[in-house]
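Okay, so here's the structure we're looking at.
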Amino acid sequence: MKKRTLRLIASLFIVACCQALAAQAGSVSQAQSPAAGVQFLGHASFHVFDGTSAIYIDPWFFEGPDRAKKPALRADQITDATLVALTHEHWDHLDKAGLATIMQKTNARIAAPEKVLAILQPLFGDRLIPLNPGQSVIEGRFTITAVPSGSIQGFLVRTPQGATLFFSGDEFSWASGAVEAVKAAGRSVDVAFLAVADSREFPATLESFRRFVTEIKPKLVVPMHEGTFTDYKGADHPAYEPIVAAIGGTYQVLDVGGILPLK
């Protein structure tokens, strides 16, 4: 009975934290940076930190003229990285030049699937760690687990605060495999960072989003991987918002550079 009570208290605490995150999303500047949080760097890039560890997920620094939303940071501004976690080898997720800069300025390791490791082996050698679906890496007080996400992989991240974050990696049919893996892990997802797109042009992305949200029921959903390029329409968020509302969750667009505090 005591254990059930403690679990209920913990669940209520996480729900309250997710509601607080949604209220603060996009309103926290780097100058006001909390001790622990998730910063959206643009496109599908994130900085997950707690004052001791700094994990960069799919850092990508391309600033060509067709990039509508510029990255929040340049590679040479990153001096705190302790781990870089990569989902797959697509050019907008694997930035070899940016990684080289990060590796020169920090002692970070790179965790990635075998296909990515084969590409990076000549550059970074023994600083590479295999992270394939079903494998986990512990970085400080964070645990990062790779899960299938369509034809690539995504990440489940367990935070020191006890919350579970999910990063889908890419768009299109990413829910295939991800839903099953998250269910098998036996975890509820507190914050899901999900790829979205113009639902009329990319209906498969909307359907992946619908399936994941309906079956996993994340408390807070942050859309990403959209509006990056000038020649692609951004996501039509009104097509996605009702799906999240239907399961009692919150859909929150996070500005590039915005931070979700982890409490």
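Summary table below
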item: Cross-chain or 6+ apart pairs with Cβ under 8 Å, region 200-213 first and under 15 Å from residue 226 (Cα atoms) and basic (Lys, Arg), then at pLDDT 95 or above and assigned to a loop (DSSP other than H, G, I, E, B); result: 200/236
item: Lone unmet requirement of (1) at pLDDT 95 or above; (2) out of contact with any Pro (no Cβ under 7 Å at 6 or more places or on another chain) for residue 240; result: (2)
item: Filtered residue count, region 162-186, keeping only those that are among the polar types (S, T, N, Q), in contact with a helix residue (DSSP H, G or I) (Cβ under 7 Å, 6 or more places away or on another chain) and surrounded by fewer than 22 Cβ atoms within 10 Å (Cβ to Cβ); result: 1
item: Yes/no for residue 106 being among the polar types (S, T, N, Q) and either in contact with a Lys or Arg (Cβ under 6 Å, 6 or more places away or on another chain) or under 21 Å from residue 81 (Cα atoms) (or both); result: yes
item: Failed item in (1) touching a residue at least 40 places away in the same chain (Cβ under 8 Å); (2) more than 26 Å from residue 261 (Cβ to Cβ); (3) loosely packed, with under 15 Cβ neighbours inside 10 Å, with residue 99 passing the rest; result: (3)
item: Single unsatisfied condition, residue 87 versus (1) under 18 Å from the mean Cα position of the chain (by Cα); (2) polar (S, T, N, Q); (3) farther than 16 Å from residue 40 by Cβ; (4) buried (at least 17 other Cβ atoms within 10 Å of the Cβ); result: (3)
item: Qualifying position, being within 23 Å of residue 232 (Cα to Cα) and among the basic types (Lys, Arg), among 127, 67, 109; result: 67
item: Answer from 188, 173, 149 - the residue that is of a type in the set (Ser, Thr, Tyr), farther than 20 Å from residue 224 by Cβ and under 17 Å from the mean Cα position of the chain (by Cα); result: 188
item: Hits in region 172-201 - residues which are among the hydroxyl-bearing types (Ser, Thr, Tyr) and under 19 Å from residue 260 (Cα atoms); result: 188
item: Residue check, residue 253 farther than 22 Å from residue 62 by Cα, within 18 Å of the chain's Cα centre (by Cα) and modelled with pLDDT of 95 or more; result: no
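Here's the yes/no breakdown for (1) at negative phi; (2) assigned to a helix (DSSP H, G or I); (3) in contact with a strand residue (DSSP E or B) (Cβ under 7 Å, 6 or more places away or on another chain):
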| site | (1), (2), (3) |
| --- | --- |
| 223 | yes, no, yes |
| 226 | yes, no, no |
| 240 | yes, yes, yes |
| 243 | yes, yes, no |
| 248 | no, no, no |
| 254 | yes, no, yes |
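The values are calculated or read from the model by the stated rules, or taken from the named source; none is laboratory data. These figures come from a predicted structure and were not determined experimentally. Positions of Cβ are generated from backbone atoms using ideal geometry, with glycine treated the same way; all protein chains shown enter the neighbour counts.
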